[in-house]
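Report on one structure; see the data block that follows.
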């Protein structure tokens, strides 16, 4: 049964100023004796999802949202990049399945995430976002920070 992410209680409040902070948080989650997932995905799937988004911002993303989602994205892009994204947005099932790939282990997922962050720091992200359209490299970095805050807030180390 799927968790209604919009109503999850106990999520962590995160605010990353740099990608290195997101990596440090991910390292803490993976090295924790146990990490409790409050949402629908374990930390390994969250990290591979975040890495896919980063790599996609450099290599290109094949998925394109419907016109009405792109129109909505035009109006919320600035808010989402500056203040963050709300939990509970549902992707179409076929997109969700591919967007949250499984990793062999949390450590493997962390390695994949670290490599994606290294790419973001050494290569230029200039691909179009499926909803927000063209973003500058700096906007992509801000997007990835907000995106990591959203997803990693559902993982609680103990």
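Helix 106-122: angle to the longest alpha-carbon principal axis of the chain, degrees 0 to 90, nearest 10? So the inclination is approximately 40 degrees. On C-alpha positions alone, give me the angle between the axis of helix 67-83 and the longest principal axis of the chain, in degrees, nearest 10. In the chain, helix 67-83 runs at an angle near 60 degrees to the longest axis.
Spin-label model, residue 104 to residue 74: label points 7 Å out along the Cα-to-beta-carbon direction sit 4.6 nm apart. The distance separating the Cα centre of the range 96-158 from that of the range 5-74 comes to 6 Å. Each peptide in 147-156, 107-116 gets a packing score, the mean of other Cβ atoms within 10 Å over its residues, and the list from highest to lowest is 147-156, 107-116.
Distance between the modelled labels on residue 36 and residue 17, one decimal in nanometres: 3.0 nm (7 Å Cα→Cβ projection). A helix-only calculation puts the chain at -18000 deg cm²/dmol for mean residue ellipticity at 222 nm, using -39500 (n - 2.57) for each DSSP H run of at least four residues, averaged over all residues.
Could you work out which residue, out of 76, 43, 117, moves most in a Gaussian network model of the chain, that is, has the largest mean-square fluctuation with Cα springs under 10 Å? Judging by the Gaussian network model, the answer is 76. Applying Stokes-Einstein at 10 °C and 1.306 mPa s to the Kirkwood radius of the chain, computed over alpha-carbon pairs, gives a translational diffusion coefficient of 100 µm² s⁻¹.
Could you check which residue among 53, 87, 22 shows the biggest mean-square fluctuation in a GNM of the chain with a 10 Å Cα cutoff? Result for the chain, Cα springs under 10 Å: 87 fluctuates most.
Bear in mind these aren't lab numbers, they're just calculated from the coordinates by the rules spelled out. Here the structure is a predicted model, which is why all the values come from computation and not from measurement. Quick reminder, even Gly has a Cβ in these numbers, built from the backbone with ideal geometry, and neighbours come from all protein chains shown.
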